[in-house]
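The values are calculated or read from the model by the stated rules, or taken from the named source; none is laboratory data. Note that this is a predicted model, so its numbers are computed, not measured. A quick note on method: Cβ atoms are made from the backbone with ideal geometry, for glycine too, and the neighbour counts reach across all protein chains shown.
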Amino acid sequence: MSTIFIDSTTHYYKEKEVLSGVYLACNVGEVVGLLGRNGCGKSTLLKAIFGSITPHFKYLNINGKKYDKGYLSKNLSYLPQDRFIPDQINLGEAIDLFCHNYQNRLKEIPLITKHLENKFYNLSGGECRFIECLLMIYSNAQFVLLDEPFSQLSPIWVEELKIHIQTLKGEKGFIITDHLYRSILDISDRIVLIHNRRNYTINSEDDLILHGYLPGFTV
Amino acid sequence: MLINLLKKIIKVYKPIFAWNLLVSLLIAVLFYLKGFNQSDTYVLAFFIKLFTWAFSIGIYFMFYESTAYFFQNMGVSIRKIMTYLISCDVLIFISILTILFYVDNFHR
């Protein structure tokens, strides 16, 4: 089975340890939701998998092969928190670059058809975010990392994105983090919480309360 | 594939590429004025190019760092992009100097 996993991830920012021996795995056909408080290291973990930062220690394996940087596998897409497609590139070019295998399906989406010839600076912030999310979801890569895909999006687009993720779930593995935890709980097959520098498997919402992610814990 | 990637790199980093090209042309003028037989011109040209590349890397980190994810999502590292940009610039620079050398020799 096609799998990506990262093990023993340890990372420091100056003296502060943000991740300590963290393990995360995702199979094709699975959506893994990554939750955690602000600053707990969720984005750092995604960047460590993708390879845009080098943690102090990690073991990254994609489909049975070890990688230092996940993106070098050419089988991993990453949606960062900020805009990443340069203004000089138009949507049609971006689709050719990232979504060659799924371009026909992507071009059936009305917003994509409407802006196919437009450059990214002609789009509003929300449109740009939505389209970048779609580009990564429909990318050629087998594994997709989405860092706060629902931020800046109106509820109707959040719901639409969830449908697209569910549609492609059979062919890809998704690791998603966002603070709209209800949406994450809705679409995820498994939930992992990053707390106190470590990973915890979450089986119910009560576990999120127990670990201090949701309010309501009383002794 | 490589040509396509080079086109994208030049498209995204057009100002950096144009700045390096301008410096190459200015160095070519220097060679034209001082001639090709003075060793100090070569040393000066080398250090000007070195400074320009260092400055370009500085510009990249100041204004273009967010574009790293664009290329990494294509499976290309920033180190590779810098290597391609500098190699392309060196090739153009050598071509300009070679053409100028033959034009200069033809006139003298």
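Write out, first by first residue and then by second, each pair whose Cβ atoms fall under 8 Å of each other, whose residues are 6+ apart or on separate chains, and whose first residue, in the range A:137-151, is over 11 Å from A:ASP82 (Cα atoms) and in contact (Cβ under 8 Å) with a residue 40 or more places away in the chain while the second is outside any loop (DSSP other than H, G, I, E, B) and among the acidic types (Asp, Glu). Here the result reads none, with nothing in the range A:137-151 linked to a residue that is outside any loop (DSSP other than H, G, I, E, B) and among the acidic types (Asp, Glu).
For the range B:1-16, filtered to residues that are in contact with a Ser or Thr (Cβ under 9 Å, 6 or more places away or on another chain) and outside any loop (DSSP other than H, G, I, E, B), the residue that is farthest from the other protein chains (Cβ to nearest Cβ) is B:ILE16.
Just so you know, in the range B:39-77 the residues that are among the aliphatic types (A, V, I, L, M) and at pLDDT below 90 include one that is surrounded by the fewest Cβ atoms within 10 Å (Cβ to Cβ), and it is B:MET62.
Taken together, A:GLY41, A:GLY33 contain a single residue that is more than 12 Å from chain B (Cβ to nearest Cβ), on the phi > 0 side of the Ramachandran plot, in contact (Cβ under 8 Å) with a residue 60 or more places away in the chain and surrounded by 21 or more Cβ atoms within 10 Å (Cβ to Cβ), which is A:GLY41. No other residue among A:VAL144, A:VAL192 is out of contact with any helix residue (DSSP H, G or I) (no Cβ under 7 Å at 6 or more places or on another chain) and part of a strand (DSSP E or B) apart from A:VAL192.
Annotation: A:TYR71 fulfils all but one of (1) under 27 Å from A:LEU185 (Cβ atoms); (2) part of a helix (DSSP H, G or I); (3) out of contact with any Leu (no Cβ under 9 Å at 6 or more places or on another chain); the unmet one is (1).
Looking at the range A:91-102, is at least one residue within 25 Å of A:SER188 (Cα to Cα), more than 12 Å from chain B (Cβ to nearest Cβ), surrounded by 13 or more Cβ atoms within 10 Å (Cβ to Cβ) and touching a Pro at 6+ places or on another chain (Cβ under 9 Å)? No, that holds for no residue. At pLDDT 90 or above, within 14 Å of another protein chain (Cβ to nearest Cβ) and part of a helix (DSSP H, G or I), is that true of B:ALA28? Considered against the rule, which asks whether it is at pLDDT 90 or above, within 14 Å of another protein chain (Cβ to nearest Cβ) and part of a helix (DSSP H, G or I), B:ALA28 comes out as no. Filtering the range B:72-95 to residues that are within 14 Å of chain A (Cβ to nearest Cβ), without any contact (Cβ under 8 Å) to a residue 40 or more places away in the chain and not charged (D, E, K, R) leaves B:GLN72, B:ASN73, B:GLY75, B:SER77, B:ILE78.
Any residue that is away from chain B (no Cβ under 12 Å), without any contact (Cβ under 8 Å) to a residue 60 or more places away in the chain and farther than 27 Å from A:ASP186 by Cβ - is there at least one of those in the range A:82-90? No, every residue in the range A:82-90 fails to be away from chain B (no Cβ under 12 Å), without any contact (Cβ under 8 Å) to a residue 60 or more places away in the chain and farther than 27 Å from A:ASP186 by Cβ. In this structure, A:TYR71 does not satisfy being away from chain B (no Cβ under 14 Å), of a type in the set (Phe, Trp, Tyr), without any contact (Cβ under 8 Å) to a residue 40 or more places away in the chain and farther than 20 Å from A:VAL192 by Cα.
If you filter the range A:50-68 down to residues that are part of a loop (DSSP other than H, G, I, E, B) and over 16 Å from the mean Cα position of the chain (by Cα), you find that the one that is farthest from the other protein chains (Cβ to nearest Cβ) is A:HIS56.
Does A:LYS47 qualify as being assigned to a helix (DSSP H, G or I) and buried (at least 18 other Cβ atoms within 10 Å of the Cβ)? Answer is yes for this residue. Residues in the range A:124-138 that are surrounded by 14 or more Cβ atoms within 10 Å (Cβ to Cβ) and either at pLDDT below 90 or not hydrophobic (A, V, I, L, M, F, W, C) (or both): A:GLU127, A:ARG129, A:GLU132, A:TYR138. Where helices (runs of 4 or more DSSP H) sit wholly within the range A:78-128, those with at least 2 residues that are under 21 Å from A:VAL158 (Cβ atoms) occupy A:103-106, A:110-114. Out of curiosity, is A:ALA25 of a type outside the set (Asp, Glu), under 16 Å from the mean Cα position of the chain (by Cα), modelled with pLDDT of 95 or more and more than 28 Å from A:ILE163 (Cβ to Cβ)? Considered against the rule, which asks whether it is of a type outside the set (Asp, Glu), under 16 Å from the mean Cα position of the chain (by Cα), modelled with pLDDT of 95 or more and more than 28 Å from A:ILE163 (Cβ to Cβ), A:ALA25 comes out as no.
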